[in-house]
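Visitor: The structure is given below, and queries will be raised subsequently.
Read-outs throughout are calculated quantities, based only on the coordinates presented, and are distinct from any laboratory measurement. Treat the numbers as computed from the prediction; the structure is a model and nothing was measured. We place every Cβ from the backbone using ideal geometry, glycine too, and count neighbours over all the protein chains shown.
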Amino acid sequence: MASVFEYAPAPESRSVVDIAPSYGLFIDGEFTEAADGKVFKSISPSTEEVLSEVAQAGAEDVDRAVKAARKAFEKWSALPGSERAKYLFRIARIIQERSRELAVLETLDNGKPIKETRDTDLPLVAAHFFYYAGWADKLDHAGFGANPRPLGVAGQVIPWNFPLLMLAWKIAPALATGNTVVLKPAETTPLSALFFADICRQAGLPKGVVNILPGYGDAGAALVAHEDVNKVAFTGSTAVGKEIARTIAGTRKKLTLELGGKGANIVFDDAPIDQAVEGIVTGIFFNQGQVCCAGSRLLVQESIQDELLESLKRRLSTLRLGDPLDKNTDIGAINSAEQLARITALTEQGEAEGAERWSPACELPSSGYWFAPTLFTNVTQAHTIARDEIFGPVLSVLSFRTPDEAVAKANNSQYGLSAGIWTEKGSRILAVANKLRAGVVWSNTFNKFDPTSPFGGYKESGFGREGGRHGLEAYLDV
Amino acid sequence: MSDRLNVLKTYKLYVGGKFPRSESGRVYEVTTATSAAGAAGKGKWLANAPLASRKDARDAVVAARKAFGPWSGATAYNRGQILYRVAEMLEGRKEQFVREVAEAEGLSKSKAAVQVDAAIDRWVWYAGWTDKIAQVVGGGNPVAGPFFNLSTPEPTGVVVVLAPQESSFLGLVSVVAPVIATGNTAIVVTSEKSPLPALSLGEVLATSDLPGGVVNVLSGRTAEIATPLAAHQDVNAIDLAGADDVLAKELEIAAADNLKRVLRPQPVDYAETPGIERMTAFLETKTVWHPTGSLGASGSSY
Amino acid sequence: MPTTAPAAHALGDVTASDSTLRRFLHGLPGVDTVGLEARAASLGTRSIKTTAKAYAIDLAISMVDLTTLEGADTPGKVRALGAKAVHPDPTDRTTPTAAAVCVYPDMVATAKEAVAGSGVKVASVATAFPAGRAALDVKLADVRDAVAAGADEVDMVIDRGAFLAGNYMKVYDEIVAVKETCGTSARLKVIFETGELSTYDNIRRASWLGMLAGADFIKTSTGKVAVNATPANTLLMLEAVRDFRAQTGVQVGVKPAGGIRTSKDAIKFLVLVNETAGEDWLDNHWFRFGASSLLNDLLMQRQKLATGRYSGPDYVTVD
């Protein structure tokens, strides 16, 4: 939208981060090549520029990493909790010191706006380590009995939407409780995890406690299936989550899964409307909608539907899409060509099924993977775009007449991760929150995260909680 | 005594608060335990138990789902009262259960009485938990921002419980009570060879103010009944206590189809006071956020 | 006394009686404090650089209501202020003029003289500024004085006591009366003293009340209480004028006043305007800054952009 007040480009300096032309696997405290010598390229989704060439882990490397983690486990788990705590505090501090560098790196590798990596991802990453550091010497008081024991080697597989934050959610509680880890970052976003490996070295973390294996699904599958892994933690798609659950059936491996969602954001007619509009925008356009807890279904009370949609469309017209390194960018790039294709296919299906599509006037850059913020109206529960997770900047708008109907529609999903409620009536918030089958309910706000706040799903959104005291349980033998 | 012919009980399933025969019309013979091997058919005939089919299982899921809303929505105090009522009712029928347990498990009357007493006490233990578990595993979270943030446990939903094969009554109660104490509803597959105490428990539950469908009791071949239940898309969780390793693995694989919460079989001494693990295994944590803000409009600065 | 202002027609009979007015104002959507402040803070992180910054600084200069509202105001002080408004930076004649000088009614004539022929307006506070505690006749006399002395704009204060007591009709009637007294020669700015209204819900209600009564501008504060203009209360008022125009077709201006001292702050407010009410308000006919020290900081920033070096207080005029 051409405006008389056109913001000049305000790019964050790329020079704060020094990306090496190639990276190895991080096993037993050393960067090493893959056993079969395979490598893959990590590219910047906003420009398709190759950022670096990264060693690609295979089954043999997984075995090597698990052995290293096993070897390190004995000493690490025997360390006094207060000593483990200090390592984690060190890591938290180094992350804070290097947060600008990591934010730029994450933006380059993931495609999300620097505004988000700078103001959301990195502060939460540091806070998560800081929070779990404090637990390491207090586990006796965590409500899991005296002297709760770690599980052993944790195999962790994380997604590309919040690469470093998901790493923090996995590694911080695992280490605090005395486990050692082998973590596989997503193949499209391996770089921040490799920088984290360097942070572990700076922090003097003993060798083998943290092992990082960039790679594809085959490496993840090998890690999950490895017989010397005691704990599997996965964040990603529901389909893969189910496959993992099958793989570990009949073993003693403990499993936690953070999977997909189709969050309902319910707006009642007495909502604080301007804040609700902001909440809807945050709910579905934060991180280009590539968020498992996104509020991807807007349930609006029919009596205010037109008014709300008008406000929403006006607001969407002010979203700034473009260079993720520009500090004024609201909407960055889609993470990969593959993800872009999935979003495109689902939105085309939405149109084919008769939903009405709208996007603000929005010029997309010529290279890279981009998708304009998109709104679908005339959507019903029967539409694919109301049921399937799109994982992109696409909002499906449905209406309801009564609170009962809102709750019924919100719960009518295989998922149960998040939900939103917007109303000025306190008793309605509590009543509706009580009925929603979702692990996180945001009332009069959306997409808020905190290390003290347990996060996780009902139903096919997975099980187990990350964050807070609850998050310890996943890594303790209880 | 001997000059009078006993009236024998027809054992029936307990589904949705009613006592149906198996939809299949089939029964199987239940005998006294004879040896450690406990081979069925070698002991004295006790009764014909219903051989529940996959359709009975399906009906039980419907009943349990229907009961879930009201039961999970009942106050914790109310659930506690009802669980305590179960203990009261059992106390009054202790003799019957002592006999059934003795016959089922090949125990002396006195050893069986120990089991039954412990089972009654277990109901009392869980009756007291209903309104405390939320305070133990939930609570406020001190988030770094102007938000009220509260985590509370909520029941997972419809839970299939494969009761332990050996401990026909104490084991059964020990796995059923924690599931329903927190507001879940249960479909219980009894011990295959010793289903009678479980089927009799259904009669007690029916007279304890427990709403129909909260507990549904199915007897028969564990594997036959459990297989469709493990795959059922409207079941939220499964306790595999009564499955052997081979069956447990198969069921766990089937359970992955809709990501049921799975409690794997593990060695348990049911004589011990339980912990809270059998409750937390079937609880979800819901975390609710709400802005707090300041009283006035003066909080903002730049 | 007329009880209906022109804008009210588009909203039917909401001002027909005390109860209809109350129902309307209390039926406005609520404001969530945390969400509002978060949105204001988020817009505050916009990074306005180079050409955008140059544009914003000049725009901000052109929007300044250069203000002196002291007991110690003298003709000399007011003349100096007038000169400053006309030529904010004597060393650089490309600098835009300020929007207006804002003074007490008795200084209007002096101010008019000082800015004569420049296009700079003279605004006068009125209605027993800043407390607003006087009989209506006295308030209207105050307004008449200012208008008679040639004020182009009148900055009135509302009766916060009446507002907080729920006497919305009284507040409304007073604004209507003042508006009528302003006639066609002076635009009316209605000051709510948001710091005394205390809640955002009240600020939204006051905004609509003022606009219904015919305000040409709604203005945050007098600058005389602890909390004056903030990004959040200004954002809220920008939402109100945006929504009011959507419903009635009538455009109303916004003036944050008090506490805005730096260019950085001023630019944040312009971002709020740009992304909330939109570019139609990016003009000193529709947006003002009530400020005094802000202008010098804008001028120093302007010099920095022009020369590439940081300026200092000795290179702008002290008035």
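Visitor: When the C-alpha atoms of the protein assembly as shown are aligned to their principal axes, what extent does each axis show, in angstrom, from largest down?
Guide: On the principal axes, the protein assembly as shown reaches 125, 72, 56 Å in Cα extent.
Visitor: Something else about it: Would you give the gap between the C-alpha center of region B:255-280 and the C-alpha center of region A:81-122, rounded to a whole Å?
Guide: Comparing the Cα centres of region B:255-280 and region A:81-122, I get a distance of 38 Å.
Visitor: Here's something else I'd like to know. Among rounded, prolate and oblate, which fits region A:264-443 when a ≥ b ≥ c are the square roots of the eigenvalues of its C-alpha gyration tensor, a/c under 1.5 means rounded, and a/b larger than b/c means prolate?
Guide: prolate
Visitor: Sort C:ILE175, C:ILE158 so the one with the fewest other Cβ atoms within 10 Å of its own Cβ comes first.
Guide: Least to most surrounded, the residues fall as C:ILE175, C:ILE158.
Visitor: Pull up all non-local amide H partners of B:ARG221: gap of 5 or more, or a different chain, and H-to-H distance under 5 Å with H placed in the peptide plane.
Guide: Distant-sequence amide H within range of B:ARG221: B:ALA52.
Visitor: Can you pull out the GluC sites (Glu not before Pro) in region A:151-250 that DSSP calls coil and that have at most 14 other Cβ atoms within 10 Å?
Guide: Listed in order of number, the matching sites are A:GLU227.
Visitor: Follow-up. Between region A:123-168 and region A:258-334, what's the alpha-carbon centroid distance in Å?
Guide: 30
Visitor: Just from the alpha-carbon atoms, what are the Rg and Dmax of chain C in angstroms?
Guide: 18.9, 60
Visitor: I would also like to ask the following. Write out the trypsin sites (Lys or Arg not before Pro) in region C:256-319 meeting two conditions: DSSP loop, and at most 11 other Cβ atoms within 10 Å of their Cβ.
Guide: When the trypsin sites (Lys or Arg not before Pro) of region C:256-319 are filtered for loop state and at most 11 Cβ neighbours within 10 Å, C:ARG309 remain.
Visitor: Restricting the count to DSSP beta bridges whose residues both fall in the protein assembly as shown, what percent are antiparallel, rounded to a multiple of 5?
Guide: Bridges in the protein assembly as shown that DSSP calls antiparallel: roughly 30 percent.
Visitor: What does the convex hull of the Cα atoms of region C:198-319 come to per residue, in Å³, rounded to a whole number?
Guide: 116
Visitor: Which ³J(HN,Hα) values, rounded to whole Hz and listed in residue order, are derived for region A:341-350 from phi using the Karplus coefficients 6.51, -1.76 and 1.60 in 6.51 cos²θ - 1.76 cosθ + 1.60 with θ = phi - 60°, glycine and proline given as x?
Guide: 5, 5, 4, 4, 5, 5, 6, 5, 5, x
Visitor: Check the straight Cα-Cα distances from A:LYS435 and name the lysines below 18 Å, setting aside those fewer than 8 residues away within the same chain.
Guide: A:LYS262, A:LYS409, A:LYS425, A:LYS459, B:LYS66, B:LYS286
Visitor: Taking neighbour Cβ counts within 10 Å as the exposure measure, how do B:VAL143, A:VAL224, C:VAL157 sort from fewest upward?
Guide: B:VAL143, A:VAL224, C:VAL157
Visitor: Name the long-range amide H neighbours of A:VAL300: under 5 Å, sequence gap of 5 or more, or other chain; modelled H, no Pro or chain starts.
Guide: The list, which skips near neighbours in sequence, is A:VAL267, A:LEU398, A:SER399, A:PHE400.
Visitor: Enumerate the calculated ³J(HN,Hα) couplings along region A:461-477 in order (Karplus 6.51 cos²θ - 1.76 cosθ + 1.60, θ = phi - 60°), each rounded to whole Hz, writing x wherever the residue is Gly or Pro.
Guide: Computed from phi, the couplings for region A:461-477 are 7, x, 8, x, 10, 10, x, x, 4, 4, x, 5, 4, 5, 10, 10, 7 Hz.
Visitor: Right, here's the next one. I'd like the distance separating the alpha-carbon centroids of region A:427-478 and region B:111-176, in whole Å.
Guide: 20
Visitor: Once you list every other residue whose beta carbon is under 12 Å from the beta carbon of A:PRO190, what net charge do they have if Lys and Arg are +1 and Asp and Glu are -1?
Guide: With Lys, Arg at +1 and Asp, Glu at -1, the neighbours total -2.
Visitor: Separate question: Residues of A:434-440, mean number of Cβ from any other protein chain within 10 Å of their own Cβ, rounded to a whole number?
Guide: Partner-chain Cβ atoms within 10 Å, mean over residues of A:434-440: 5.
Visitor: Among the trypsin sites (Lys or Arg not before Pro) within region A:325-418, which fall in a DSSP loop and have no more than 10 other Cβ atoms within 10 Å of their own Cβ?
Guide: Within region A:325-418, the qualifying trypsin sites (Lys or Arg not before Pro) (loop, at most 10 other Cβ atoms within 10 Å) are A:ARG401.
Visitor: Another question, then. Given bins 5 angstrom wide, list per bin the percent of all Cα-Cα distances in region A:115-184, short to long.
Guide: Spelled out per bin, shortest first, that is 3, 17, 23, 22, 17, 11, 5, 2, 0.
Visitor: Ok, one more. When the helix-only estimate is applied to the protein assembly as shown (DSSP H runs of n ≥ 4, each -39,500 (n - 2.57), divided by the residue count), what is the mean residue ellipticity at 222 nm, nearest 500 deg cm²/dmol?
Guide: My calculation for the protein assembly as shown gives -12500 deg cm²/dmol from helical runs alone.
Visitor: Let me ask you something else. Rounded to the nearest 10 degrees, what's the angle between the helix C:75-86 long axis and the longest principal axis of chain C, both from Cα atoms, 0 to 90?
Guide: 80
Visitor: Amide H neighbours of A:ILE43 under 5 Å, counting only residues 5+ apart in sequence or on other chains, H built in-plane at 1.01 Å?
Guide: Here A:LEU51 satisfy the definition.
Visitor: Still on this structure, please answer the following. Mind checking the mean number of beta-carbon atoms from other chains within 10 Å of the Cβ atoms in A:5-17?
Guide: Mean inter-chain Cβ contacts per residue within 10 Å come to 4.
Visitor: Springs between alpha-carbon pairs under 10 angstrom, Gaussian network model over chain B: which of B:SER72, B:SER167, B:SER110 fluctuates most?
Guide: With Cα springs under 10 Å in chain B, the top fluctuation among B:SER72, B:SER167, B:SER110 is at B:SER110.
Visitor: Using the Cα gyration tensor of region A:148-242, with a ≥ b ≥ c the square roots of its eigenvalues, what is the shape: rounded (a/c below 1.5), prolate (a/b larger than b/c) or oblate (neither)?
Guide: oblate
Visitor: Need one word for region C:1-160: rounded, prolate or oblate. Basis is the Cα gyration tensor (sqrt eigenvalues a ≥ b ≥ c); a/c below 1.5 gives rounded, then a/b vs b/c decides.
Guide: Taking the square roots of the gyration eigenvalues as a ≥ b ≥ c, region C:1-160 is oblate.
Visitor: Provide the three semi-axes, in whole Å and in decreasing order, of the ellipsoid equivalent to chain A as defined by the square roots of 5 times the Cα gyration tensor eigenvalues.
Guide: 37, 26, 20
Visitor: When the Kirkwood hydrodynamic radius is evaluated over all pairs of different C-alpha atoms of chain B, what value in angstrom, to one decimal, is obtained?
Guide: 20.1
Visitor: For a 20 Å ceiling on Cα separation, which of these pairs sit above it: A:LYS86/A:LYS207; A:LYS253/B:LYS193; A:LYS184/A:LYS242?
Guide: Cα-Cα > 20 Å for A:LYS253/B:LYS193; rest within.
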